[in-house]
Amino acid sequence: MPTRRIVFLGDVCSRAGRDAVVALLPGIRERHRADFVVVNAENVAGGYGINPTLCEELLAAGADCLTTGDHAFDRRDTWDYYNIQSRLLRPANYPPGAPGRGQALYGLDGWAVGVISLVGRVFMKPLDCPFRRVESCLEQLGRQAQVLLVDFHAEATAEKQAMGWYLDGRVSAVVGTHTHVQTADERVLPGGTAYITDAGMCGAFDSVLGMRREDSLKRLLDGLPHRLTPARGEPAVSGVVVEVDGETGRATGIERLLVEFLPSDEDKPAGDDRASETRRDRDGPRALQDREQALES
């Protein structure tokens, strides 16, 4: 079987992230010849939770599956959407009775992708153990999936690394999310599992985790719970591209993906004379080639 290419995009944060994903994902999918795209959508609605309309925008832009995390149920009026949209997952280690499902199998022209969404417990809400819960997820997916991807939405790097080692050789990839900061530790573990501690975020690049810098600085300087509002600056799309042997299900490579989205000249504020670009890629060893292609397009 041929090599399968999976694109995973980190937490989509608010309007800046949505706009960037909608604009750039079709091109990313084409350039990297992606067979399947997973996007973490848990911050898509103003930075907190999901919204059905906004999730449908991401799916229409080219996402095949949406994962979430600790903000999955922030908006009570959207809970039923988890039971309606089969391409939206909530963390599998929520207790029984929670709306929706935490794992799914997606068939694609004679092969299938299994996706599992999990949330960590260190510095997070005290949910069911993700290490024990993933076992039952793997049992349910069985041998039906040629490719298995786990989105582990967690705060602690140690917990994420532990999950990578725990699942090495049993899944195709373990991709960390939640911190909104892309890490530089992507690798294929000895058993054939692609791993990265955090895929990063899709959102305003010149911000504090997608939120206005001023708000975050106020919180840190005076210790008061100032409201955090989403930043509206120039966004970037962060994630990874994973290559998987279609026969063995083992990863053969993983590369970081970072694509900046700059507005057109007519959208810029007066006096802003920076050169326009619709794409500027910096991902792995193909960085220079990708950047040149982006500037030529």
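Give the residue from Gly249, Cys202, Gly120 lying farthest towards the positive end of the charge dipole for the chain; charges sit on Cβ (+1 for Lys and Arg, -1 for Asp and Glu) and the dipole is referred to the Cα centre.
Going by the charge dipole, the pick is Gly120.
Pop out the ³J(HN,Hα) list for the stretch 221-232 in order, Karplus 6.51 cos²θ - 1.76 cosθ + 1.60 with θ = phi - 60°, rounded to Hz; leave Gly and Pro as x.
Each residue of the stretch 221-232 in turn: 7, 10, x, 8, x, 4, 5, 8, 10, x, 6, 10 Hz.
Magnitude of the Cβ-charge dipole of the chain, K/R +1 and D/E -1, about the Cα centre, nearest 20 debye? Spell out each step's value before the answer.
Working: 35 positive and 44 negative charges, 146 e Å.
Approximately 700 debye in magnitude.
Roughly how far apart, in whole Å, are the Cα centres of the stretch 137-201 and the stretch 38-113?
Between the Cα centres of the stretch 137-201 and the stretch 38-113 lies a distance of 18 Å.
Going toward the positive end of the dipole of the chain, with +1 on Lys and Arg Cβ and -1 on Asp and Glu Cβ, which of Ser216, Asn83, Ile28 do you reach last?
Value: Asn83.
Using a simple charge model, +1 on the beta-carbon of Lys and Arg, -1 on the beta-carbon of Asp and Glu, nothing else, what dipole does the stretch 128-212 show about its Cα centre, in debye to the nearest 20? List each step's numbers first, then the result.
Numbers: 7 positive and 11 negative charges, 34 e Å.
Rounded to the nearest 20 debye, it is 160 debye.
What is the spin-label model distance, in nm, from Gln85 to Lys125 if the labels are put 7 Å beyond Cα along the C-beta direction?
1.8
Please figure out what share of the DSSP beta bridges in the stretch 3-296 is antiparallel and state it in percent, rounded to the nearest 5. Can you show the working numbers first?
Numbers: 30 of 56 bridges.
For the stretch 3-296, the DSSP antiparallel bridge percentage is about 55.
Could you derive backbone 3J(HN,Hα) for the stretch 99-111 from the dihedral phi with the Karplus parameters 6.51, -1.76 and 1.60 (θ = phi - 60°), listing whole Hz in sequence and x where the residue is Gly or Pro?
Calculated HN-Hα couplings, in order: x, x, 9, x, 8, 7, 10, 10, x, 9, 6, x, 9 Hz.
What is the gain in length, in nm to one decimal, between Trp165 and Val181 on full extension, counting 0.36 nm per residue of separation less the C-alpha to C-alpha distance? Spell out each step's value before the answer.
Numbers: separation 16, 0.36 × 16 = 5.76 nm, distance 2.11 nm.
The span from Trp165 to Val181 would gain 3.6 nm if fully extended.
Quote to one decimal, in nm, the extra length available between Ser136 and Asp74 on full extension: 0.36 nm per residue of separation minus the C-alpha distance between them.
On the way: separation 62, 0.36 × 62 = 22.32 nm, distance 2.58 nm.
Extra length available between Ser136 and Asp74 comes to 19.7 nm.
Could I have the simple spin-label model distance between Leu221 and Thr157, label points 7 Å from Cα toward Cβ, reported in nm to one decimal?
2.9
Give the label of the value calculated from the structure for Cα Rg over 2.2 N^0.38 Å, choosing from (1) 0.96; (2) 0.92; (3) 1.04.
Only one option fits the structure, namely (1).
What residues qualify as long-range amide H neighbours of Met201, i.e. H under 5 Å apart, gap of 5 or more or another chain, H built at 1.01 Å from N?
The list, which skips near neighbours in sequence, is Gln182, Ser238.
Report ³J(HN,Hα) in whole Hz for each residue of the stretch 126-131, in order, from the Karplus equation J = 6.51 cos²θ - 1.76 cosθ + 1.60 where θ = phi - 60°; Gly and Pro get x.
These are the phi-based 3J(HN,Hα) values: x, 8, 4, 4, x, 5 Hz.
Sequence gap at least 6, Cα distance under 8 Å: using those rules, report the relative contact order of the stretch 3-296 to the nearest whole percent. Working shown, then result.
Numbers: 733 pairs, mean separation 50.8, N = 294.
The normalised contact order for the stretch 3-296 reaches 17 percent.
For the stretch 89-145, I need the span (max minus min coordinate) of the C-alpha atoms along each principal axis, in Å, sorted largest to smallest.
Sorted largest first, the three principal extents are 40, 20, 18 Å.
Since every read-out is calculated from the coordinates, none of them should be taken as a lab result. The structure displayed is predicted, hence computed values, not measured ones. Glycine gets a Cβ as well: all are built from the backbone with ideal geometry, and neighbour counts include every protein chain shown.
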